[in-house]
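Worksheet for the structure shown next.
Each value in this text was obtained by applying a stated rule to the coordinates, not by laboratory testing. Everything quoted here is computed from the prediction, not taken from an experiment. Cβ coordinates were reconstructed from backbone atoms using ideal geometry, including for glycine residues, and neighbour counts include every protein chain displayed.
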Amino acid sequence: MAEVSLRQLSKRFGPTQVIGDLSLDIPSGEFAVFLGPSGCGKSTLLRMIAGLEPLSGGEIHLGGARIDILPPGDRGVAMVFQQYALYPHMTVRQNMAFGLRNIGTPTDEISRKIADAAEMLEITPLLERKPAQLSGGQRQRVAIGRAIVKQPRAFLFDEPLSNLDATLRSRTRIELARLHQRIRSTMIFVTHDQVEAMTMATRIVVMNRGQIEQVGTPMDVYRRPQTRFVAGFVGTPAMNFLTVAAVSDEAGFARVSLPDGSTVTTVIPTKALPSAALTLGVRAENIQPGGGIPARVDVIERLGERTLIYANLRDGSTIVYDETGDVQVSIGENVQLAIDGSNAHLFGADGRAIRG
Amino acid sequence: MAPTRICLVRTGGQSVAEATQSAAAGIGIPRLANALFVLPYMLILLVMLIIPLGLGIWLAFQDYDMLGGWNGSVGLENFQNLLDDRIFRGTVRNTMLFVLMTTPAFVILGLALALALNDRLRRSAMLRAIFFGSSVLSVTIVTLVWRLVYLPDRGMLANILGTVGLHSIDPVTSETWALPAIAVVTVWWIIGLPMTLFLAALQQIPADLYEAAALDHASRWRTLMSITLPSIRRTIVVVAVVEVILQFQLFGQALLITGGGPNNTSRPMVQFIYEAGFRDLQLGFAAAASQVLFALMLIAALAQAWVGRKREG
Amino acid sequence: MQTYRRGSSFTDRALFIAVALLAIIWIAPIIWVVGLSFKPNEVLMRTTGGIAAPPFTLKNYTDILASSSVFGWMLNSAIVAIGQTVLTLVIASLAGYGFARTNFLGRNALFVIVLAALAVPEQAIIVPLHTMFAMFDLHNTYVALIVPRVAFPFGVLLMTQYFRAISPEIEEAALLDRASRFKIFWRIVLPLSVPAQVTLGIYTFLHAWNDYFWPLVSATRPEMYTLTIGLASMQTNFAQTEGIGFLMAQAVFAGLPVLILYLFFQRYIVSAVAGGGSK
Ligand SMILES: Nc1ncnc2c1ncn2[C@@H]1O[C@H](COP(=O)(O)OP(=O)(O)O)[C@@H](O)[C@H]1O
Ligand SMILES: [Mg+2]
């Protein structure tokens, strides 16, 4: 258990920059989830921390000591790989024991640690099996078990849930969160799946193109996205973006006009606005029928507990809002929508959110 | 197995660029200590292959024989002498003739066997085992067997020809038949190699191609011509190149069956190198002959690969 | 294997009969030789017809057992073949792992050299190689019979290819488990490469057992002959020989070990050939 500090990390593969000048402190005991689209450099970053990928620049500290100069085994981190990377020719027990043997742990201590971990993960009956005789979910547990027995100062997870089916994935999410509660170790988890990030993280780090877009608690990232990228990446359905113009000031707050001419009053101070182009961002849940913005229903997606309705404004732009599951609505119907300005966001031309 | 290394096979298939590119993925951080893994092999390669290769090229330009010792560099004289040597010219002709006799046989027969035996039936597996089996024998055993087959009057061939009322011939002492007799032995010996390469290629053809063809009512012949053969064109070129390289190295069969005779009509280049280098101990001369062989093999293989690629492109 | 059957069963049957006939022609010489090896030399002097007709004898084989040299040669062949196999497996596995999975300066350049070495036939180097061994007075030794063949790159390339196919994540997991590079090689990678080891081992053994040109020029003293060379040395003066039954028994006797090996390991032998060619 230790704090992880990334200092001005950068990584190039030949001429291509994959990570650029990335700095971040992850406090001890945190469950930090790096969230970003595929190819944004999450795995690379994790592998740099583990020592599997040399740095092009910067430093990594763990528990106050610099570790990027150490070989992977000496860094005190354990990693759970996407494909689990169990040793195929060893039994589950041998898989878990391998790392402990390599550091000369006494045999009885090894057995005890394996027994504890196996019990916690409910894999005790599997200990004498080989990986080929395990299901995907069981392998995943073994991979976690192999990490746990080493009692690392930090755990690294590289999309470990992506090979599981949907049911197992949501169950494992809960179990991982519970595991973190229990061992309180620093965990760094990378994923492209925002549901995983929202459900497990104590802190989400949103990444895009090798850069950090935003760091915050799940609700913070959801409620107060700092960039248009974060706003669009986190949350389903994706946030609506409409090009708008600032028209007037209402008690210090900006009032903007939509492409179709209707206006929305925000809670963003007028004086913060730049003169250049503005984008209004608003989530589906913050748009309701019963306002003054005319629209025509185009597509209806019924998800059960709620219904997503895609509608066209008068100028043709599309907007999505949600309703209760059993709402009566039909395609082609004309509706009048209201946008909740107090939950709307404004983004400048640089993609950054404008706040008071 | 054949006296030459089957590894030559791979030169036809994979380009150097392809192979090195896929070598890019190492794990861990670069460390010079990792070179220790390859050090033992690289040392052996250096001492047992690279240095001899360089030495051989150098020797080809020297007047050097075991008895007379080293008499300095002689430029191209060894090569000039080879050109003037009637026997050497004969061995070049014999070798080329042999390659021309065997390579088509290996390609056509190997492909035919592969096509006929490419299924999961037990009987096919048995036949494959028979055709492949002879290639695990050494050249000495193969030639021993075949000399007994070719034995005048009492050999198997003489027996068979006798039963159908034909006069027995002794191919081993016939100027016309000596080289073809060696070619027959060679094809008998290692037909398993091309057959196996073709079988491997046939198994790479996706089954749904055949299913699609069947749905299109393609006849068996059309399926062969428009699906099977085009799919394994690359392998046909590879097999041809491999066989040319292998058969250029004809040696043991000729030495042990005919000794190169009669009247030098079956003496191959390698036997010439062997006799010049290890019987007459003319090292420079033998080395020069080796370089000629090496060059001819490279040219033949490159030409063939080039022709194959052109047709493909 | 392609299971899709097309065409009429009549064509299938005709094709099978044709191939089966060819197969009979193919093994006829071997059956003939095996059959006659059990016949007395006196009978064979007169006729070689009717291999199934008595009298039969084991004398040709007991004669082999009585002749001392064949056993010595067989022992030499075994020492050379096993030595070469073990050395090749060790060295090719190490090098293959080095090329497949480690990073060091100059690795790609060295690998290109190894690939290029594939193109070098033994004839191009045999004269200078022989001279070099003569210089150090190493001919007629096991070292001379074993070591030069380890230089051929096939094994290294085969192992490189095989190691590359093993997931790198497994080795990275072992790195994080504090295993040294050599330990990863020894405890993780080698156990996983057993199929490739078997293939390469059998392939090397067969080549060594059947090797002809190099042993012919290097082992010149009869007591250092391998079986291949020894048998060849007895083939001179062939037409006049009175003991063709004895010769046939020798062929059978010498061929037996590899044929047995072939029967047991056919799958690996064939895959070594196909693997070398299809990639
Ligand atoms: N070994 C490598 N060589 C070159 N480019 C690489 C290498 N590994 C990753 N990349 C590139 O770096 C970028 C980030 O990759 P990665 O960290 O795997 O992304 P993520 O895990 O977020 O999907 C990708 O564009 C990928 O193509
Ligand atoms: Mg990734």
Problem - Taking B:I190, A:I123, B:I257, B:I57 and counting other C-beta atoms within 10 Å, the order from fewest to most - result: B:I57, A:I123, B:I257, B:I190
Handout entry: Footprinting exposure proxy for A:T243, A:T202 (fewest neighbouring C-beta atoms within 10 Å first)
Key = A:T243, A:T202
Practice task
Determine the shielding of peptide B:291-297 by partner chains: average, over its residues, the number of Cβ atoms on other chains within 10 angstrom of each Cβ.
Solution key: 2
Fill in the blank from the handout: Partner lysines whose C-alpha sits under 19 Å from that of C:K59, ignoring same-chain residues fewer than 8 away, are C:K39
Problem - Kyte-Doolittle mean at least 0.5, axial Cα span of 20 Å or more - DSSP H helices of chain C - result: C:9-36, C:68-101, C:194-210, C:244-278
Fill in the blank from the handout: dims of chain A, Cα set, principal axes, largest to smallest, nearest Å -> 75, 46, 35
Practice task
With 10 Å bins from zero, work out the P(r) of the range C:47-181 over every alpha carbon pair and list the percent per bin.
Solution key: 10, 24, 25, 17, 14, 7, 3, 0
Problem - Over the range C:122-279: Kirkwood hydrodynamic radius from C-alpha pairwise inverse distances, Å - result: 18.9 Å
Fill in the blank from the handout: As straight-line cross-link partners of A:K42, the qualifying lysines (C-alpha separation under 28 Å, not fewer than 8 residues apart within one chain) are A:K11, A:K150
Problem - Ranked C:M132, A:M219, B:M156, B:M195, criterion: other C-beta atoms within 10 Å, fewest first - result: A:M219, C:M132, B:M156, B:M195
Completion exercise
Compactness check, the range A:19-132: C-alpha Rg relative to the 2.2 N^0.38 Å globular estimate gives 1.26
Problem - Net dipole in debye of the range C:171-258 [+1 Lys, Arg Cβ; -1 Asp, Glu Cβ; about Cα centre; nearest 20] - result: 300 debye
Exercise for the section: Return the average number of partner chain Cβ atoms within 10 angstrom of each residue Cβ along peptide B:282-290. Expected result: 3
Fill in the blank from the handout: Within the range A:157-210, DSSP-loop trypsin sites (Lys or Arg not before Pro) with at most 16 other C-beta atoms within 10 Å are A:R184, A:R209
Fill in the blank from the handout: Helix A:92-102: inclination vs chain A longest Cα principal axis, degrees, rounded to 10, gives 70 degrees
Problem - Set of aspartates and glutamates near A:K271 by C-alpha distance (under 18 Å), chain-local residues within fewer than 8 positions excluded - result: A:D249, A:E250, A:D350
Problem - Relative compactness, the protein assembly as shown, computed as alpha-carbon Rg over 2.2 N^0.38 Å - result: 1.25
Handout entry: Span-like helix ranges in chain B, DSSP H, alpha carbon extent 15 angstrom or more, Kyte mean at least 0.5
Key = B:86-117, B:139-150, B:178-190, B:192-204, B:233-248, B:283-312
Practice task
Return one number: the angle in degrees, 0 to 90 and rounded to the nearest 10, between the long axis of the Cα atoms of helix A:107-121 and the longest principal axis of the Cα atoms of chain A.
Solution key: 30 degrees
